[in-house]
Each structure stands twice: as structure tokens, then as C-alpha cells.
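Colleague: Handing you a structure now.
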Amino acid sequence: MKIGILGAGTVGTTLGTHLAAAGHQILITNGRETVSLAETVRGLDQPLEPVTVDDLLDQADMILLAVPWRNVRDVLRKDIDWGGRIVVDATNIILSIIPDIQVDNLEGDSGSEIVTRLAPSARVVKAFNTLPFATMFAPVPTGFRRVLFVAGDDPDAVSAVSGLIEQIGFQSVAIGPLATAGRQMEIGGPFSRLELFATDAA
């Protein structure tokens with residue numbers, strides 16, 4: 001699969017590297033010119049292809065949203081036709097972490113529902129946001145897999161993202177639609193920072 005990653009920070013490059021190792025072609029953009037991005041990806045263990053935003057949107061079969069929450073509305077432009085493609089929402093509603101974590105006050109709304117409204121022609125799936133990446137990719141006991149939660153409204157899209165999760169060594173657990181499960185995966189929700197393991201036999 002050709003997977004496009006919007007965001008070349010820790011989330012985007014880490015997931016891109018693991019997905020590339022699983023055999024996928026990874027396009028990545030930082031929303032700016034590609035020269036500095038080429039420097040970012042040069043030292044990675046797997047090849048990630050730096051592209052412009054327009055080229056990524058034109059070529060990718062699936063798109064991973066991995067930009068800071070404050071940039072989401074700028075990235076998900078109204079003129080983009082997602083054409084029913086899957087958009088994996090890996091964001092958290094964090095505005096800043098220095099000097100203290102500041103969480104956006106959505107006044108009863110949820111991050112993934114906002115993403116869905118900003119990209120109405122996409123199939124949005126929430127994933128990769130409940131654990132810090134140092135925890136997510138830490139070693140696991142022999143015979144176990146770390147659990148990653150998935151939420152979405154389209155069963156086929158959830159199944160496709162679950163398959164990717166398992167290809168890179170995790171156990172996926174689909175927990176429901178965005179309006180309920182997506183909210184529960186956000187900062188402060190019951191699935192946020194919840195670390196569980198499943199046996200390989202599962």
C-alpha cells in the first residue's frame with residue numbers, strides 16, 4: 001500500500017519507519033519544502049519519500065494525520081477531496097507541552113469528530129494516540145503483543161487500519177464508533193495511557 005503521512009515529527013517518522021519495514025511505500029510531508037524534510041528522513045532505518053502536500057494527497061491510498069493538534073485545521077483544507085480514502089487520526093488534543101501540558105477545551109466536542117467534519121469525504125479512523133511513543137514501542141515480554149485501540153464509524157476502514165497495526169507487531173482492539181470510543185481514547189479518557197498486553201496466540 002502507498003501510505004501518505006501528514007506530519008514529519010516523532011509520530012510521523014516513527015510510524016512511517018515501522019510501516020515501511022512492513023513493506024509499504026511511505027510518502028511523508030512536513031507541509032513545507034522538501035529539502036529540509038530530506039535531511040530529516042536521511043538517517044532513518046527505512047526509506048521514507050519526502051513529497052509535497054499536493055503530491056501526497058494525489059498519490060496516497062491511505063493517509064495518516066500526524067500533525068500537532070493546533071495545525072489540524074490548516075492541514076485539512078476545505079478544498080481537499082479525500083475520495084473516500086481512509087484518514088488515520090493519530091492526533092491528541094494537546095495545544096502545548098512546555099512548560100506544562102495544555103489540553104484544548106472542545107466544550108463537549110471531540111477531536112476525531114472535528115477531524116471528520118473537516119474531512120467529510122474521508123473515512124476517519126482513530127488510532128496510535130493512546131500511549132506515549134516511548135511506551136508504545138518499548139520491548140514487550142516474550143509471547144505477548146502490546147494492545148492498540150482503534151475507533152471508527154466505517155467497519156471496512158477500521159478493519160484495514162487494524163490490519164496495519166498488526167503488521168507492525170501490535171494487537172489491535174476495535175472499541176467502537178468515534179462519537180463514543182474516539183472520545184474515550186482522548187486525553188483524560190479511560191483508554192488514554194491504558195497499557196494492555198495480549199498473548200501471541202490471541
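Colleague: Using the Karplus curve 6.51 cos²θ - 1.76 cosθ + 1.60 with θ = phi - 60°, what ³J(HN,Hα) values do you get for each residue of the range 62-78, in whole Hz, with x for Gly and Pro?
Modeller: Working through the residues one at a time gives 9, 10, 9, 8, 9, 8, x, 4, 5, 9, 4, 5, 6, 6, 8, 5, 5 Hz.
Colleague: Under 13 Å from the Cβ of A66, count the other residues' Cβ atoms, weight Lys and Arg +1, Asp and Glu -1, and hand me the total. Could the numbers behind the result be given before it?
Modeller: Details: positive: K126; negative: D89.
Charge balance near A66 sits at 0.
Colleague: With a Förster radius of 35 Å, plug the Cβ-Cβ distance of A198 and S36 into 1/(1 + (r/R0)^6) and report the FRET value to the nearest 0.05.
Modeller: Details: r = 39 Å, r/R0 = 1.13.
Once the sixth-power term is evaluated, E becomes 0.35.
Colleague: Answer with one residue from A160, V53, V103: the one whose Cα lies farthest towards the positive end of the charge dipole of the chain, charges on Cβ with Lys, Arg +1 and Asp, Glu -1.
Modeller: Most positive-ward Cα: V103.
Colleague: Across the range 12-25, in residue order, what do the Karplus-derived ³J(HN,Hα) couplings come to in whole Hz, using 6.51 cos²θ - 1.76 cosθ + 1.60 with θ = phi - 60° and x for Gly and Pro?
Modeller: Calculated HN-Hα couplings, in order: x, 6, 5, 5, x, 5, 5, 5, 5, 5, 7, x, 8, 7 Hz.
Colleague: From the phi of every residue in the range 115-121, what ³J(HN,Hα) in whole Hz does the Karplus formula 6.51 cos²θ - 1.76 cosθ + 1.60 yield, where θ is phi - 60° and glycine or proline is x?
Modeller: Karplus values, whole Hz, x for Gly and Pro: 4, 4, 5, 6, 10, x, 8.
Colleague: Sticking with this one: Spin-label point model (7 Å from Cα, Cβ direction): what's the I187 to R117 distance in nm?
Modeller: 2.0
Colleague: Here are labelled values, (1) 26, 20, 15; (2) 37, 17, 16; (3) 23, 21, 17, and one is the computed semi-axes √(5λ) of the Cα gyration tensor in Å for what I pasted. Which one?
Modeller: Answer label, from the structure shown: (3).
Colleague: Per residue, how much accessible area does the range 38-160 show when a 1.4 Å probe rolls over the protein heavy atoms, in square angstrom?
Modeller: Numbers: 6180 Å² over 123 residues.
On a per-residue basis, 50 Å².
Colleague: Given the Cα-Cα distance of R77 and L95 and 0.36 nm per residue of separation, how much length would full extension add, in nm?
Modeller: Values: separation 18, 0.36 × 18 = 6.48 nm, distance 1.95 nm.
Going from the current span to full extension adds 4.5 nm.
Colleague: Would you work out what percent of the accessible area of the chain, with all protein chains in place, is carbon or sulfur (probe 1.4 Å)? Mind dumping the intermediate values first?
Modeller: Details: 4960 of 9610 Å².
About 52 percent, which is the carbon plus sulfur part of the accessible surface.
The values are calculated or read from the model by the stated rules, or taken from the named source; none is laboratory data. Predicted, not measured: the structure shown is a model, and the values here were computed from it. Reconstructed Cβ throughout: ideal geometry from the backbone, glycine too, with neighbour counts over all protein chains shown. Quick note on the areas: whole protein, heavy atoms, side chains included, nothing else; ligands and nucleic acids left out. Shrake-Rupley method; radii C 1.70, N 1.55, O 1.52, S 1.80 Å.
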